[in-house]
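S.K.: Sharing a structure below in structure tokens format, with a few things to ask.
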Amino acid sequence: MQIVLVHGWGFTPAMWQPVQDRLGRAAAMVDLGFFGPAEMGLPTGQPLLAVGHSLGLLWLLTRACLPEGSVVLGINGFTRFSRAEDFPAGVMPRVLDRMMKGLERDAAPVLRQFRENCGLSGQEAERIGNPETTRLMEGLNLLQTGDARLQGHHVQAALASRDDAIVSLAMTEASFPPERIEWLETGGHLLPLTHPDRCATFILEACEEFSADGR
């Protein structure tokens with residue numbers, strides 16, 4: 001199976017590099033275009049093992065056209081992010097509203113604060129690059145309105161951290177059946193950066209399991 005990696009909001013495919021270095025095989029990377037040209041095309045002609053981090057999972061479930069027989073995995077992921085009457089585990093919409101208004105003024109402070117909330121600090125949080133405000137706004141809109149709960153059964157496994165400051169334990173449990181969640185006690189919201197070894201093992205184990213199923 002071809003592995004495809006999709007990053008989350010406010011990041012680039014570079015966040016996957018530590019995981020890619022440990023996979024021992026090539027993986028395609030989707031670029032949602034938050035800091036440059038978007039590259040959202042997916043490989044064709046074979047089933048994919050598509051891995052989404054955070055918003056990347058919601059994007060896979062709501063916007064991507066996956067080949068038949070593909071498998072979806074989530075890391076720090078969710079099937080809905082924004083709170084609703086039937087989804088109390090979500091983030092209050094006003095939080096995203098404030099981020100959108102901030103983007104309209106200056107994207108850099110919004111990105112810096114978000115990255116700090118994710119657990120980055122110093123130069124890591126400051127390394128903003130050249131933000132593409134329109135695509136960042138589109139990403140926030142997907143976080144605010146996207147709902148993939150009906151597609152959640154496509155997620156075969158989810159790797160999550162109990163100390164994730166962005167995706168709460170309750171949000172994770174509301175998104176996936178308990179038997180499909182693999183919990184880490186620590187690691188925060190950026191498991192591809194803080195626990196690349198575990199992420200790579202998680203992906204390779206799934207690839208082996210579903211390849212054995214003949215997918």
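The values are calculated or read from the model by the stated rules, or taken from the named source; none is laboratory data. The shown structure was predicted, so the numbers you read here are calculated from the model rather than taken from an experiment. Every residue, glycine among them, receives a Cβ derived from its backbone with ideal geometry; neighbour counts consider all protein chains shown. Accessible surface is based on the protein model in full, side chains and every heavy atom, while ligands, DNA and RNA are left aside. Shrake-Rupley method; radii C 1.70, N 1.55, O 1.52, S 1.80 Å.
S.K.: Pro13 passes all but one of (1) closer than 15 Å to Gly129 by Cβ; (2) surrounded by fewer than 17 Cβ atoms within 10 Å (Cβ to Cβ); which number fails?
M.R.: (2)
S.K.: If you scan segment 142-179, which residues turn out to be open to solvent by less than 70 Å² (accessible area, probe 1.4 Å) and assigned to a helix (DSSP H, G or I)?
M.R.: If the condition is that a residue be open to solvent by less than 70 Å² (accessible area, probe 1.4 Å) and assigned to a helix (DSSP H, G or I), then Leu142, Leu143, Gln144, Gln151, Gly152, Leu169, Ala170, Met171, Thr172, Ala174, Ser175 are the ones that fit.
Each row is one residue, and each column tells you yes or no for (1) closer than 19 Å to Ala14 by Cα; (2) in contact with an Asp or Glu (Cβ under 9 Å, 6 or more places away or on another chain); (3) in a helix (DSSP H, G or I); (4) free of Cβ contacts under 8 Å to residues at least 12 places away in the same chain.
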site	(1), (2), (3), (4)
Trp183	no, no, no, no
Gly188	yes, yes, no, no
Asp197	yes, no, yes, no
Ala206	no, no, yes, no
Glu209	no, no, yes, yes
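S.K.: Separate question: Could you please find all residues in segment 59-75 being open to solvent by 10 Å² or more (accessible area, probe 1.4 Å) and under 22 Å from Ala200 (Cα atoms)?
M.R.: Passing the criteria: Trp59, Leu61, Leu66, Gly69, Ser70.
S.K.: Any residue at all in segment 115-128 that is outside any loop (DSSP other than H, G, I, E, B), open to solvent by less than 60 Å² (accessible area, probe 1.4 Å) and among the small types (Gly, Ala, Ser)?
M.R.: yes
S.K.: Right, here's the next one. In a helix (DSSP H, G or I) and more than 17 Å from His154 (Cα to Cα) - does that describe any residue in segment 59-80?
M.R.: There is no residue in segment 59-80 that is in a helix (DSSP H, G or I) and more than 17 Å from His154 (Cα to Cα).
S.K.: Do any residues in segment 1-21 that are in contact (Cβ under 8 Å) with a residue 12 or more places away in the chain have Cβ atoms under 8 Å from those of residues that are basic (Lys, Arg) and open to solvent by 10 Å² or more (accessible area, probe 1.4 Å), where the two are at least six apart or on different chains, and which pairs are they?
M.R.: Met1/Arg215; Ile3/Arg25; Gly10/Arg115
S.K.: Just to be sure, is Gly56 open to solvent by less than 30 Å² (accessible area, probe 1.4 Å) and modelled with pLDDT under 95?
M.R.: no
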